[in-house]
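Below is one structure; the comments refer to it alone.
The values are calculated or read from the model by the stated rules, or taken from the named source; none is laboratory data. Since we're looking at a predicted model, the values are computed, not measured. Reconstructed Cβ throughout: ideal geometry from the backbone, glycine too, with neighbour counts over all protein chains shown. Note: areas computed on protein heavy atoms with side chains; ligands, DNA, RNA excluded. Shrake-Rupley method; radii C 1.70, N 1.55, O 1.52, S 1.80 Å.
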Amino acid sequence: MTTDTATDTATEPAGDPREPMDRLFRDLRTKPAGLSSREAARRLLAHGPNELTRRKGRNWPKQLLRQFTHPLALLLWLAAAFAFLAGTTVLGLAIVAVIVLNAALAFVQEQQAEKAVEALAAYLPAMASVVRDGVRTSVPARDLVPGDVLIVEEGDRVSADARLFEGGVEVDLSTLNGESLPAFRSADLTDGTGSLVDARDLVFSGTSCTAGEARAVVFATGMRTELGRIAALSQRGERDESPLERQVKRVAWLIAAVAVGAGAAFLPIGAFVAGLPLPDSFNFAIGLLVANVPEGLLPTITLALAVGVRGLARGGAVVKRLSAVETLGSTTVICTDKTGTLTRNRMRVTDVWANGDRGELARAISACNNADLATGTGDPTELALLQAAQDIGADVSAEHRSAHRVAQFHFDPTLRLMSTVDREDGRLVVNVKGAPEEVLARSTGGSAEFDQAISDYAQRGLRLLAVARRECDTVPQRREDAERDLELLGVVAMFDPPRPEVAEAVARCHTAGIRLIVVTGDHALTAKEIARQVGIARNGTKVITGAELEHLSDAELEELLSGDEELIFARSSPEVKLRVADALRAQGNIVAMTGDGVNDAPALRHADIGVAMGVAGTDVAREASTMVLTDDNFATIVTAVEAGRRVYDNVRKFILYIFAHATPEVLPFLLFALSGGAIPLPLTVLQILAIDLGTETLPALALGREPAEPGIMTRPPRRRSDNVIDGRMLWRAWGLLGGLSALLVLGGFFLTLFAGGWHPGDPVGEGAPLHHLWVQATTMSFLGIVACQIGTAFASRTQYASLRSIGVLSNRLLLWGIAFELAFAAAVVALPPLQHVFGTAVPPASHLAVLAAFPVVVWGADELWRWRQRRR
């Protein structure tokens, strides 16, 4: 979808789709042989790309408003209101500036994340099959023009409005009329009345072909299509919140409640128990609020997820929404197809068993086929069959096949059969190919040699197709009439070698606690052999055929799936995938399901992560999926799971880092209040703002780019019920890292005060002799927190492993972030203009030297705690 600020004024189609076909061809200045490439290029300039347009930024005010009203922003608004009520206008304006700055940063990052996801469409441009220069070719769907001859086949997404002039198809029109059942459209059904969508010889952009094959002439593209007329489809939808973002928002409300409650509780303590003046009590409440607000939390999460999406796309996995990155990391079961996913999908025929004449077998293979060996287009299996038939001596040209074909019954994934009716030497012949057991069940008889060949080939991991034929007097109108009383011609065995990287990926799944289930349409022995070669099938691995599964109740299926061992579902229909996915999810699993066909779409939608094939998959499957593999490789799924775990871990790391600084920011205010003012404020509100927005932000963002921690794929998947923020994290953040940092910061504060001659209760207000000393002491607190932040940043880099195992210098972004925070802190302390704003003064050099130990102490204590956790 492109972005445009202008309304497309050319809304009329290039030709009247209801006029007689010869007149439509004339008006469109085209012919059944299609346009020339030069004419198509000229029309593309005249009509523009075949894309929908939309107006820019239609929802940005609403998105921007959301940044001012999320819980953390509301908490800051409350703090600003307190500041204005207390008469501290400068502080109130500073907090408002923080709100605006934070909202702007979050809004920009959200927009960048959204654009990153939208831009991923370029990795998988929609393609369309057309006839140009008299030759079938594949072009980007955006390059279709009125007058193009479009070839529509099963699994295709229709990319323009077109009128059929040859053949018939079933199409899913639900995007236009909401009907769930496919509708039949044929070049012969020209008696259309009523609305244009109801015309039975028209197909429309945005719909999907579920069966059949036809040729059609394009009469409308882009905004001139019926899809372009539907205003609702051009409206931008709301961005979905991920479960992670919802969890963090709940925690934000909890933080808000704690902050407001603490402020409300200690306000009377400060005013009445400690005897503080009312302005000081308000400043105390404001300090508690500001100290408890992790301002950069939500935008940092959004950016981390967006970075994860971009990284996955570069690795071959196009994720269609941000929330899927989080879900990937918790995958417990991967249900994978075999062909093209575990294997290369580069078929070649290795063995042929013929029940008599090999030439007759080769002719039947060539006839019952839709691939084109000359151009290399078509299904890999059918191309391999054509190559074998050509080697035997048959004419496998597409022109010869088309000239003799009378009718076709397309491949049915449930029956696992395809058949054609062809004219051979003046006779009508039905040619059939499909699963050996299905062909045999419709044949007049088999043989012991046939059974032995099937068993031998399957045990070697070969893919098998049986071929049969029969003569008939008239063209069968029904499939069951065509595919009966067949004469068995032979069996073709093909080999599709496993991808070399799959075995290692399977081993990683095993160590990561991810269960693998193979769901394939292949023969049971073939499926088991390939699964054995890649390490999925072990001794005693169960193989369940589609026929056996049909006799299992839902309860029996759930019992079968209740264990943790690998399973193989062979000779399975797409409906089996749906049943398996539903049963696994009902048991609490996070399920990733692969698929490439039209009928795989329901299973892909029902799985937690629907994984479609980008190369061999149909448009329908890609649209129904959550993730599309640009290389159709199982190993890419495992890589995506690892990336999902890494992104989730990194989110926890920067949440830990941000939360750890709440304790050293809150405790100074509590000490001030509980001492009744005898101990001056160790930290000012503006200094807290400088920490939260100036020194903290870049290291937090850098932790979102942390490399994967060692052992990330050796621990079991997290449970669906696990929260991103748990008690263990809060203890580590607020207790260990935060508590130790608070002690160090207060130690630096009192060191400066006592060294300068201060005693408890001495006045330090403006004009007092000790005022400059107090400013130096608060600066020590400010610098102490910055120093502790460095130690916390290094400690937060791992949840379990030691820092040495990942390398101190391995995250260069973090090093740059720390360098920035040191430079920023130095500017706040040393530059006179900033000294005036933030109330700082340079402490004695001997005191500054003490700060060098703070990062080591904080990191060292956490390193010992993690060492103890590993020992346990």
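Below is a table of values for the structure above.
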{"read-out": "The chain - percent relative contact order, Cα under 8 Å, separation 6 or more", "value": "11"}
{"read-out": "Projected area averaged over orientations for region 494-622, convex hull of C-alpha atoms, nm²", "value": "7.9"}
{"read-out": "Of all accessible heavy-atom area on region 674-808, the percent that carbon and sulfur account for (1.4 Å)", "value": "65"}
{"read-out": "Solvent-free Debye scattering, log10 I(q)/I(0), computed from the Cα coordinates of region 721-801 at q = 0.16, 0.17, 0.18, 0.19 Å⁻¹", "value": "-0.69, -0.74, -0.78, -0.83"}
{"read-out": "DSSP-defined beta bridges in the chain - what % are antiparallel, rounded to 5", "value": "75"}
{"read-out": "Computed magnitude of the charge dipole of region 406-516 (debye, nearest 20; Cβ of K, R +1, Cβ of D, E -1)", "value": "440"}
{"read-out": "q = 0.13, 0.15, 0.18, 0.24 Å⁻¹, region 770-872: log10 I(q)/I(0) [Debye, one scatterer per Cα]", "value": "-0.56, -0.69, -0.88, -1.23"}
{"read-out": "Computed magnitude of the charge dipole of the chain (debye, nearest 20; Cβ of K, R +1, Cβ of D, E -1)", "value": "2780"}
{"read-out": "Ellipticity estimate at 222 nm from DSSP helix runs (n ≥ 4, -39,500 (n - 2.57)) divided over the chain, nearest 500", "value": "-14500 deg cm²/dmol"}
{"read-out": "Helix 358-367 axis, angle to the chain major axis (alpha carbon atoms, nearest 10°)", "value": "60"}
{"read-out": "Within-11-Å neighbourhood charge of ASP27 [Cβ basis; K, R +1; D, E -1]", "value": "0"}
{"read-out": "Solvent-accessible ranking of GLU558, GLU566, largest area first, probe 1.4 Å", "value": "GLU558, GLU566"}
{"read-out": "Listed residue (VAL333, SER366, PRO380) projecting farthest to the positive dipole end of region 299-380, Cβ model", "value": "VAL333"}
{"read-out": "Under 9 Å, Cβ to Cβ, from LEU415 - net charge with Lys/Arg +1 and Asp/Glu -1", "value": "-1"}
{"read-out": "Coordinate range along principal axes, alpha carbons of region 676-771, Å, largest first", "value": "61, 24, 23"}
{"read-out": "VAL543, VAL492, ranked by accessible area, largest first (probe 1.4 Å)", "value": "VAL543, VAL492"}
{"read-out": "Entries of LYS542/LYS577; LYS249/LYS653; LYS433/LYS577; LYS338/LYS577; LYS249/LYS320; LYS338/LYS528 with Cα pairs more than 21 Å apart", "value": "LYS433/LYS577; LYS249/LYS320"}
{"read-out": "Distance from region 503-578 to region 395-459 (C-alpha centre basis), Å", "value": "28"}
{"read-out": "TRP353 - accessible surface, heavy atoms, 1.4 Å probe, Å² rounded to 10", "value": "50"}
{"read-out": "Solvent exposure of the chain as accessible area per residue, Å², 1.4 Å probe", "value": "41"}
{"read-out": "10 Å beta-carbon shell around GLU706, net charge (K/R +1, D/E -1)", "value": "+2"}
{"read-out": "Amide H contacts of PHE165 (H built 1.01 Å from N, under 5 Å, at least 5 apart or other chain)", "value": "ARG215, ALA216, VAL217"}
{"read-out": "Rounded to the nearest 10 Å², the accessible area of LYS62 at probe 1.4 Å", "value": "130"}
{"read-out": "Lys/Arg +1, Asp/Glu -1 at C-beta; the chain dipole; positive extreme among VAL534, PRO699, LEU686", "value": "LEU686"}
{"read-out": "Whole-Å semi-axes of region 759-811's equivalent ellipsoid (Cα gyration tensor)", "value": "40, 10, 6"}
{"read-out": "Rg [Å, one decimal], Dmax [Å, integer] - region 438-507, C-alpha atoms", "value": "17.0, 56"}
{"read-out": "Trypsin sites (Lys or Arg not before Pro) within region 300-397, DSSP loop, no more than 15 other Cβ atoms inside 10 Å", "value": "ARG321, ARG346"}
